[in-house]
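Below is one structure; the comments refer to it alone.
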Amino acid sequence: MQKERKLLIAGNWKMNKTVAEGLDLVNGLRRELSGVKEVDIVVCPPFTALSEVSKAILDSNIRLGAQNMSEQTGGAYTGEIAAAMLKEFSVRFVILGHSERRQYQKESDALIAAKALATHAASLKPIICVGETLAERESGVMEKIIGGQLKGSTAGLSKTQMEETVIAYEPVWAIGTGKTASTQQAQDVHAFIRRTLAHLFDDAVAKRVRIQYGGSVKPANARELMSQPDVDGALVGGAALEVRSFTDIIKNSI
Ligand code: 13P
């Protein structure tokens, strides 16, 4: 299908895959996806597998992403990983503010904005996640929540930096639950996100930003989701852990 923006489909492996398991997966993906030019393909392994996976996808059409990054450039921050360390492995994208980190690590919009600035300072592209819980959707505050997350976690970015930023809309109630937002629900929120970006930045920026959908994306629902005008890709969890399902999501989206 012809899209206004090139589709970006990324696999978020979360806390899964040893180095050996990760290599099995990317070697399979490399074989299956070598001819694909229509979609930007990204895998986001855990930090411990970045080095080996990076070597395994050299000279392929698969790009590397990380799942988090420190807002600091280095120093006494035990357990943290800085941009320069990711760049050593040719990481291009960094997922920031995933709902799991917002929930379990209590990441705030302000922290995510600081991390986003740090990624851009290192010429990495952030994938900033936003999304509402079921209670927020049902009580009618969804747009207020997502609008607030967008404003807070892109604060301080220049227009040029925003154009190079990816937004992932991940309704919390659809993550790992098997419940997908309907195509119309996804399109409606994506259009709202684009309108909000036009308001926060400008129309030209909003038109350029890629907005991914995430939450129980599977081979069976990928085509319909990706055919929506404001859906520019997917951030895939569970189905990105197997060669067959991740390959089929990508092939079904073309
Ligand atoms: P699932 O695809 O497993 O629902 O996870 C989505 C997600 O959180 C990707 O970041």
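Between region 157-173 and region 178-254, what is the C-alpha centre distance in whole Å? Taking the Cα centre of region 178-254 as reference, the centre of region 157-173 is 12 Å away. Compactness of region 1-69 is given as radius of gyration and Dmax, 12.2, 38 Å, from Cα positions. Spatially close Lys pairs in region 42-183, defined by Cα atoms under 29 Å apart and a spacing of eight or more places or different chains, total 26. With Cα atoms as the point set, the radius of gyration and Dmax of region 105-236 evaluate to 14.1, 40 Å.
The amide H of V94, built 1.01 Å from its N in the peptide plane, has A66, K125, I127 as neighbours under 5 Å, considering only residues 5 or more places off or on other chains. Taking all C-alpha pairs of the chain, those more than 33 Å from each other amount to 12 percent. For the chain, the solvent-accessible area of protein heavy atoms averages 44 Å² per residue (probe radius 1.4 Å; ligands and nucleic acids excluded). Each peptide among 151-163, 99-111 gets the average number of other Cβ atoms lying within 10 Å of its residues, and from highest to lowest they stand as 151-163, 99-111. Subtracting the Cα-Cα distance of S51 and K179 from their residue separation scaled by 0.36 nm leaves 42.7 nm.
Distance distribution P(r), region 38-104, all Cα-Cα pairs, bin width 10 angstrom from 0: 19, 49, 27, 4, 0 percent. One decimal place: the segment H199-N16 gains 62.1 nm when fully extended, by the rule 0.36 nm per residue minus the C-alpha distance. Hydrodynamic estimate: the Kirkwood radius of region 193-254 over Cα pairs, inserted into Stokes-Einstein at 20 °C and 1.002 mPa s, corresponds to D of 172 µm²/s. Normalised by the number of residues in the chain, the mean separation of alpha-carbon contacts (under 8 Å, six or more apart) gives a relative contact order of 21 percent. Computed over the Cα atoms of region 145-222, the ratio of the radius of gyration to the Kirkwood radius (Rg/Rh) comes to 1.00. Please work out the C-alpha center-to-center distance from region 97-113 to region 41-67 and express it in whole Å. Between the Cα centres of region 97-113 and region 41-67 lies a distance of 23 Å. Helices in the chain, meaning DSSP H runs of at least 4 residues, each add -39500 (n - 2.57). Divided by all residues, the mean residue ellipticity at 222 nm is -12500 deg cm²/dmol.
Normalised by the number of residues in region 79-211, the mean separation of alpha-carbon contacts (under 8 Å, six or more apart) gives a relative contact order of 24 percent.
Computed from the Cβ-Cβ distance with R0 of 30 Å, the FRET efficiency linking A121 to N27 stands at 0.35.
Loop-located chymotrypsin sites (Phe, Trp or Tyr not before Pro) across region 151-222 with a Cβ neighbour count of 16 or fewer within 10 Å are lacking, with loop assigned by DSSP. Ligands, DNA and RNA left out, the accessible area of the chain computed with a 1.4 Å probe is 52% carbon and sulfur.
The values are calculated or read from the model by the stated rules, or taken from the named source; none is laboratory data. Because the structure is a prediction, the values reported are computed rather than measured. All Cβ positions, glycine included, derive from the backbone under ideal geometry; neighbour counts span all protein chains shown. Remember, those area values only see protein heavy atoms, side chains included, never the ligands or the DNA or RNA. Shrake-Rupley method; radii C 1.70, N 1.55, O 1.52, S 1.80 Å.
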